[in-house]
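Take a look at the structure below.
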Amino acid sequence: MGAAAHDDPPATSLDPATSLDPAGRWAPVAADLIRARLTERQSQDLPTHGGRTLAYVYDSGRADVDALAREALAAYGGSNGLDPSAFPSLAAMERELVAFGAALLQAPEGYAGTVTSGGTESCLLAVLAARAARPEVARPQLVAPTTVHAAFHKAAHLFGLELTLVDVHPDTQQADPQRMAAALTDRTVLVVVSAPSYAHGVLDPVAPIAAAAAARGIRCHVDACIGGFVLPFLDPPAWSFEVDGVTSISADLHKYGYAPKGVSLLLHRSMALRHSQFWATADWPGYGVVNSTLQSTKSGGPLAAAWATAMLLGHSGYAALATQARSATVAIADGVRGTAGLRVLAEPDSTLLALAADDSCDVYTVADELSARGWFVQPQLPHRGGPASLHLTLSAATEPLVGQFLSALAESVQAARAASPVSVDPGLAGVLGALDPTALDERAVAGLLSAAGLSGDGAGVRLPARMAPIHALLAACPVSLRAALLTAVVERL
Ligand SMILES: Cc1ncc(COP(=O)(O)O)c(C=O)c1O
């Protein structure tokens with residue numbers, strides 16, 4: 001296929017049917033057309049700003065922060081963090097960002113840290129470092145509460161660890177120190193606790209669990225991916241490096257660090273603890289490879305944007321934003337307590353809420369009703385005997401809108417109570433319970449998708465505006481079938 005000449009006139013359409021030539025080559029398209037299409041495409045997504053999207057995104061509400069971060073992102077988009085000796089400015093910004101986080105997380109002298117691409121990569125690297133430091137353990141084990149983020153399930157899967165999940169307290173949803181201690185074995189290479197957990201927003205009792213780990217010489221990771229830039233400004237029980245047995249902490253800059261996506265911090269108590277996180281080789285004919293993260297070539301954009309954001313805000317800026325987000329959380333929790341039909345699932349320690357409903361209404365219908373009113377909350381499936389719930393991540397920009405949210409929530413609950421309950425046919429539920437998710441063929445997947453109202457054609461699956469029936473179906477599936485079904489949907493989007 002020959003290259004298009006630079007002086008080919010740009011196509012005036014982005015429709016492949018008219019912009020492809022007979023040889024199937026994609027014609028260049030005029031920049032203005034591309035800009036317009038980007039704007040149009042983005043309008044189909046959840047808004048990243050405005051304070052009404054209560055999961056996935058974090059809005060400081062400060063236009064100056066966003067503008068500076070985007071400048072830095074654009075300026076460094078082509079810089080390569082693969083080799084800090086070739087891009088020393090990236091190494092300098094990484095050092096400074098790590099120091100900025102270390103001060104918040106009370107890291108002792110001698111700490112070492114890395115900027116990673118996100119929460120999952122920070123968690124994966126904490127597990128990898130712990131596992132690589134104990135090569136003599138043939139069947140390494142990772143011990144965590146059942147509420148731990150899925151990133152640790154992924155780490156165990158990718159790196160071949162046995163994941164031991166320990167039941168949490170049914171009322172508080174916090175990890176149980178006695179049970180966690182009892183789960184430790186000679187094969188345990190890492191214990192993980194959350195600060196706070198994503199699904200319920202509660203802080204695990206870090207001190208007794210870290211002490212039990214330390215007593216056996218086991219590393220203890222605090223997953224503060226979502227709380228690392230909030231909890232330092234609230235008044236929780238000790239949870240960071242001030243607790244002796246804590247060996248590493250993850251804290252995401254692209255969450256409450258209010259930076260654009262693609263950036264997180266992983267801090268270790270010492271350089272020695274970080275060492276096994278690195279991977280290096282000179283045993284090939286190309287350049288020497290030293291990787292501190294899972295990526296090799298990595299964009300400097302997210303790092304530069306996070307650095308600019310952190311420098312502009314300073315610790316005092318984060319303190320103000322954390323106070324706003326916390327005040328939104330407390331006000332919404334109070335409002336929910338006064339709303340018949342709904343309850344707060346666990347006492348929130350930070351800026352996240354999980355809301356459950358009584359039998360009079362269906363939470364997934366509440367989510368759809370909120371969505372129709374311009375608010376996005378995230379449905380969570382029932383798990384290990386716990387109820388279906390709605391997740392809310394509150395960021396600073398939502399604080400001025402709390403009254404509007406509570407009115408929309410009250411209307412949505414009323415509408416959900418008036419609607420007929422979303423239920424799954426008992427016959428279908430029985431079939432779902434008996435299906436073997438590892439043996440689903442195309443026909444079975446098509447049948448399941450159609451039962452969920454998702455019969456995709458050649459163009460793939462389109463999700464409906466009202467998702468309650470789909471969530472109800474997923475809720476009726478065993479967890480392994482849920483994963484298979486979700487994969488089938490995403491594969492077809
Ligand atoms: C506690 C916790 N850990 C890990 C993660 C994973 O982070 P990411 O989605 O950035 O990979 C999250 C994401 O919400 C989280 O809340």
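The values are calculated or read from the model by the stated rules, or taken from the named source; none is laboratory data. Note that this is a predicted model, so its numbers are computed, not measured. All Cβ positions, glycine included, derive from the backbone under ideal geometry; neighbour counts span all protein chains shown. SASA here: full protein model, heavy atoms, side chains in, ligands and nucleic acids out. Shrake-Rupley method; radii C 1.70, N 1.55, O 1.52, S 1.80 Å.
Please give the per residue accessible area of the chain, computed with a probe of 1.4 Å over protein heavy atoms only, in Å².
Values: 22530 Å² over 493 residues.
On a per-residue basis, 46 Å².
Which residues make up the longest stretch of the chain that has no GluC sites (Glu not before Pro) in a DSSP loop with at most 11 other Cβ atoms within 10 Å? Intermediate results must be reported in sequence, preceding the final value.
Working: sites that count: Glu109, Glu136.
Here the longest run is 137-493.
Kindly state, as a whole number, the per residue volume in cubic angstrom of the convex hull around the alpha carbon atoms of the range 238-309.
Numbers: hull volume 8.0 nm³, N = 72.
Hull volume over Cα atoms, normalised by residue count, gives 111 Å³.
Summarising the overall dimensions of the chain from its C-alpha atoms, the Rg and Dmax are 24.1, 72 angstrom.
Taking the protein heavy atoms of the range 237-359 in the context of the full set of protein chains, the accessible area attributed to carbon and sulfur is 59 percent at 1.4 Å. Annotation: for a label point projected 7 angstrom from Cα along Cα→Cβ of Ala419, residues of the range 465-485 with backbone N closer than 18 Å are 465-476.
For the range 411-493, the calculated P(r) over all alpha carbon pairs, in 5 Å bins from 0 to the bin holding the longest distance, is 3, 14, 25, 24, 16, 10, 6, 2, 0 percent. Annotation note: trypsin sites (Lys or Arg not before Pro) in the range 144-245 located in DSSP loop regions with a Cβ neighbour count of at most 14 within 10 Å are Arg216. Within the range 101-144, list the residues whose amide N lies under 13 Å from a label point set 7 Å along Cα→Cβ of Glu162. The answer is 137-143. At q = 0.17, 0.21, 0.30 Å⁻¹, what log₁₀ I(q)/I(0) does a Debye calculation on the Cα points of the range 367-426 give, no solvent, two decimals? Once normalised to I(0) and log-transformed, intensities are -0.69, -0.96, -1.32.
Relative to 2.2 N^0.38 Å, what does the C-alpha radius of gyration of the range 96-153 come to as a ratio? Two decimals please. Let's see the in-between values first.
Numbers: Rg = 13.7 Å, N = 58, 2.2 N^0.38 = 10.3 Å.
So the Cα radius of gyration is 1.33 times the expected 2.2 N^0.38 Å.
Calculated translational diffusion coefficient of the range 322-423 (25 °C, 0.890 mPa s; Stokes-Einstein with Kirkwood radius over alpha-carbon pairs) equals 181 µm²/s.
For a quick protection proxy, order the peptides 270-277, 304-311 by their average other-Cβ count within 10 Å, most packed first. Kindly include the intermediate steps, with their values, before the conclusion.
Details: 270-277: 16.9, 304-311: 25.4.
Top of the packing list down: 304-311, 270-277.
Using θ = phi - 60° in the Karplus curve 6.51 cos²θ - 1.76 cosθ + 1.60, the 3J(HN,Hα) couplings for the range 70-85 round to 5, 4, 5, 4, 5, 5, 10, x, x, 6, 10, x, 4, 10, x, 7 Hz; x is entered for Gly and Pro. Working note: Karplus 6.51/-1.76/1.60 with θ = phi - 60° gives the range 118-128 the couplings x, x, 4, 5, 4, 5, 4, 5, 4, 5, 4 Hz, where Gly and Pro are set to x. Each semi-axis of the equivalent ellipsoid for the range 343-478 is √(5λ) with λ an eigenvalue of the Cα gyration tensor; in descending order they amount to 30, 17, 15 Å. Label positions at Asp21 and Leu428, each projected 7 Å from the Cα along the C-beta direction, are separated by 5.0 nm. Projected over every direction and averaged, the convex hull enclosing the alpha-carbon atoms of the range 98-197 yields 7.3 nm².
Is any residue of the range 292-309 close enough, with backbone N under 19 Å, to a label point placed 7 angstrom from the Cα of Asp64 along the Cα-Cβ axis, and if so, which? Hits in the range 292-309 for Asp64 at 19 Å: 305-309.
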